[in-house]
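Asker: Please find one structure pasted underneath; my questions will follow.
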Amino acid sequence: MGKNNKSLKYVLMVAVSLSLSCMYCFESCADVSYADLFLAGKGYKPVEDAWPIKPLITYPTDGSTIPDNQLYREWCVKTFKNGEQIYEAYKEIAFEINYRAEPAKTDYWQTPVETRKYKQGDCEDSVFLFFSKLSGLDIDGDIVWGWVVDKENSTAFAHVWYQLFDKRGRPYIVEGFSKEWNGIIPVEMLTEGERRVPTFVLSHKQVNRVVDEILPGFDESFEDDQFPWTVYMNNSTVIKEIFQKLQVMFARYQGQLNQSLY
């Protein structure tokens with residue numbers, strides 16, 4: 001399927017899923033992470049944790065707590081375009097960042113600079129940090145806002161995740177916080193135990209365009225109904241809230257990057 005058809009598919013998915021998200025009443029699990037509920041001892045491990053001949057996992061001599069897994073690196077390079085960079089970005093969100101639940105009725109989106117500084121955050125903070133290390137590359141992926149539902153007990157929670165496509169177009173979900181080499185997971189594996197209900201999808205290639213071209217004048221264009229995607233939305237309030245938070249976060253992030261240059 002071509003990229004234009006894929007984009008159309010996602011636009012339609014957004015419209016349908018917005019209405020779905022209004023139909024279901026889920027129990028929110030804001031005090032736990034995806035790793036707590038689903039990834040602990042699970043996930044997807046494409047390579048073994050240990051070699052019988054020599055150690056597989058090593059640590060830098062500079063005292064860093066981020067391990068290195070040569071076989072996992074090789075799997076990423078073989079599986080994904082820009083696999084080396086994807087491997088490095090995944091290592092950071094899996095091992096360096098700890099999950100931190102926000103207080104009730106609080107939804108502060110940290111910049112990648114803040115998440116790296118504090119070494120903690122929640123789902124969207126992990127996703128933005130992952131994206132930041134890949135933002136200048138031609139990556140076939142998406143940032144997705146939505147719900148994750150545990151099929152066994154119908155527990156669900158609002159979530160933000162990164163969807164990555166391999167060289168053959170096979171979709172994977174990228175999750176942080178697990179402290180294991182199991183957080184890049186084929187989508188078909190996840191459907192056995194969970195259901196994901198997207199509410200908004202922003203492709204990797206669109207993020208920089210949105211930040212540079214749409215967000216600076218977003219409030220005016222949205223109110224004037226000039227924002228091109230609003231024609232597909234039956235709950236534009238949800239989308240407006242996402243874009244307002246993106247606007248605030250990326251403005252702060254750009255300021256932090258500018259400060260680091262001096």
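Asker: Tally time: how many residues in segment 184-194 are modelled with pLDDT of 95 or more and touching a helix residue (DSSP H, G or I) at 6+ places or on another chain (Cβ under 7 Å)?
Answerer: Final tally of qualifying residues: 1.
Asker: Can you give me the number of residues within segment 179-199 that are among the polar types (S, T, N, Q), farther than 27 Å from GLU88 by Cβ and in a loop (DSSP other than H, G, I, E, B)?
Answerer: 1
Asker: Here's a check for you: in segment 110-149, which residue that is under 15 Å from the mean Cα position of the chain (by Cα), in a loop (DSSP other than H, G, I, E, B) and modelled with pLDDT under 95 is farthest from ARG195 (Cα to Cα)?
Answerer: SER135
Asker: While we're looking at this one, here's another question. Among the residues of segment 75-86, write down those that are in a helix (DSSP H, G or I) and either in contact with an Asp or Glu (Cβ under 8 Å, 6 or more places away or on another chain) or crowded, with 20+ Cβ neighbours inside 10 Å (or both).
Answerer: CYS76, VAL77, THR79, ILE86, listed by residue number.
Asker: Considering only residues of segment 112-132 that are hydroxyl-bearing (Ser, Thr, Tyr) and surrounded by fewer than 22 Cβ atoms within 10 Å (Cβ to Cβ), which is farthest from VAL238 (Cα to Cα)?
Answerer: The qualifying residue farthest from VAL238 (Cα to Cα) is TYR118.
Asker: Something else now. Taking only segment 89-109 into account, find how many residues are surrounded by 22 or more Cβ atoms within 10 Å (Cβ to Cβ), small (Gly, Ala, Ser) and either more than 16 Å from the chain's Cα centre (by Cα) or more than 27 Å from GLN259 (Cβ to Cβ) (or both).
Answerer: 1
Asker: OK, next. Give me the pairs, please: first residue somewhere in segment 60-87 and at positive phi, second residue anywhere and not hydrophobic (A, V, I, L, M, F, W, C), beta-carbon distance under 9 Å, and either six or more positions apart or on two chains.
Answerer: From segment 60-87, the pairs are ASN82/ASP138.
Asker: Do we find that GLY176 is part of a loop (DSSP other than H, G, I, E, B), farther than 20 Å from LYS91 by Cα and touching an Asp or Glu at 6+ places or on another chain (Cβ under 9 Å) in this structure?
Answerer: Considered against the rule, which asks whether it is part of a loop (DSSP other than H, G, I, E, B), farther than 20 Å from LYS91 by Cα and touching an Asp or Glu at 6+ places or on another chain (Cβ under 9 Å), GLY176 comes out as no.
Asker: Among the residues of segment 77-100, how many are under 14 Å from PRO112 (Cα atoms) and among the charged types (D, E, K, R)?
Answerer: The total comes to 2.
Asker: Run down TYR59, TYR72 and say which single residue is buried (at least 20 other Cβ atoms within 10 Å of the Cβ) and farther than 28 Å from LEU261 by Cα.
Answerer: TYR72 is the lone residue from the list that is buried (at least 20 other Cβ atoms within 10 Å of the Cβ) and farther than 28 Å from LEU261 by Cα.
The values are calculated or read from the model by the stated rules, or taken from the named source; none is laboratory data. Values in this document were obtained by computation on a predicted structure and should not be read as measured data. With ideal geometry, Cβ positions are generated from the backbone for all residues, glycine too; neighbour counts draw on all protein chains shown.
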